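Shown next, in structure tokens, is the structure this report addresses.
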Amino acid sequence: MSNMNQFVGKRLIAGRSLMAAALVLALASGLARAQEPQGGGEPELTEEQRAQVEEFRQTRAEMMQVQQQLAQIQQSAVQARPELQEKQQEFGQLMMAEMKRQGHAPEEDLAELRALQGKLRNPETPEGDREALMSRLQAKAQAFQQAQQEAMQNPDVQKAQQELVQAITTAMREDNPQTEELLKQLQEKQRKLIQIRNEAMGQQ
């Protein structure tokens with residue numbers, strides 16, 4: 001599968017990019033944990049660690065901006081083509097049915113993920129509650145991703161995804177030739193985030 005197909009495929013499986021948001025949160029929390037002293041309390045960051053935190057935040061912001069651009073191109077391409085909307089809906093129904101068949105509750109899980117995101121985005125949510133909410137979001141998103149991956153082992157689901165991804169990527173290229181360059185930028189930001197996180201973890 002090409003780089004573009006990988007991006008679109010992940011978005012199709014992600015449940016409106018809930019997993020993308022959760023994975024970014026996971027990277028951020030991993031960096032924070034790597035910088036916390038073993039005795040607890042406020043993190044005592046060195047100058048190098050403070051620079052890493054700032055670089056991480058900047059890179060994360062840039063990555064999310066590229067993700068949004070690609071998501072907008074994909075959304076526009078689908079909205080302009082009723083046949084793609086129908087194929088996308090059919091694929092979603094197939095995925096949900098397979099997840100249910102395997103014993104999961106995808107509708108309830110997605111509802112909880114959206115509710116958790118809403119609470120984290122709400123400025124009225126107490127700061128003392130945010131850490132627990134973020135941990136719950138990460139755990140729920142990871143479990144949902146695992147359920148999706150299990151559903152993707154079904155050959156019928158794989159075939160349906162491949163056909164839908166191919167149709168959407170073709171439409172995206174037709175509508176906006178910048179998609180390939182944007183994807184390269186996205187991959188570069190992802191690699192940089194992982195590198196920063198690994199460096200921070202190595203300082204424990």
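The values are calculated or read from the model by the stated rules, or taken from the named source; none is laboratory data. All values reported here derive from a predicted model rather than from experimental measurement. Note: ideal-geometry Cβ built from the backbone for every residue, glycine included; neighbour counts use all protein chains shown.
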Seminar exercise, completed: Condition set outside any helix (DSSP H, G or I) and polar (S, T, N, Q), scope region 157-184, selection surrounded by the most Cβ atoms within 10 Å (Cβ to Cβ): answer is 176
Problem set entry | Sole exception among (1) in a helix (DSSP H, G or I); (2) over 25 Å from residue 168 (Cα atoms) for residue 84, by number | (2)
Problem set entry | Test result for residue 74, over 17 Å from residue 141 (Cβ atoms) and either of a type in the set (A, V, I, L, M) or surrounded by fewer than 17 Cβ atoms within 10 Å (Cβ to Cβ) (or both) | no
Problem set entry | Any hit, region 119-126, residues being under 17 Å from the mean Cα position of the chain (by Cα) and either buried (at least 18 other Cβ atoms within 10 Å of the Cβ) or not in a helix (DSSP H, G or I) (or both) | no
Exercise. Picking from 130, 191, 136, 173, which residue would you name as being under 23 Å from residue 75 (Cβ atoms) and either basic (Lys, Arg) or modelled with pLDDT under 90 (or both)?
Worked result: 173
For this session: Please go through region 141-156 and pick out each residue that is in contact (Cβ under 8 Å) with a residue 60 or more places away in the chain and surrounded by 13 or more Cβ atoms within 10 Å (Cβ to Cβ).
Result: 141, 142, 144, 145, 148, 152
Exercise. Within region 185-194, is even one residue within 22 Å of residue 67 (Cα to Cα), buried (at least 17 other Cβ atoms within 10 Å of the Cβ), touching a residue at least 40 places away in the same chain (Cβ under 8 Å) and basic (Lys, Arg)?
Worked result: yes
Exercise. Within region 60-79, is even one residue within 30 Å of residue 105 (Cα to Cα), at pLDDT below 75 and not charged (D, E, K, R)?
Worked result: no
Exercise. Out of all the residues in region 31-56, which are at pLDDT below 80 and among the charged types (D, E, K, R)?
Worked result: 33, 36, 42, 44
For this session: Write out, first by first residue and then by second, each pair whose Cβ atoms fall under 7 Å of each other, whose residues are 6+ apart or on separate chains, and whose first residue, in region 109-124, is farther than 15 Å from residue 145 by Cβ and in contact (Cβ under 8 Å) with a residue 40 or more places away in the chain while the second is surrounded by 11 or more Cβ atoms within 10 Å (Cβ to Cβ) and of a type outside the set (A, V, I, L, M, F, W, C).
Result: none
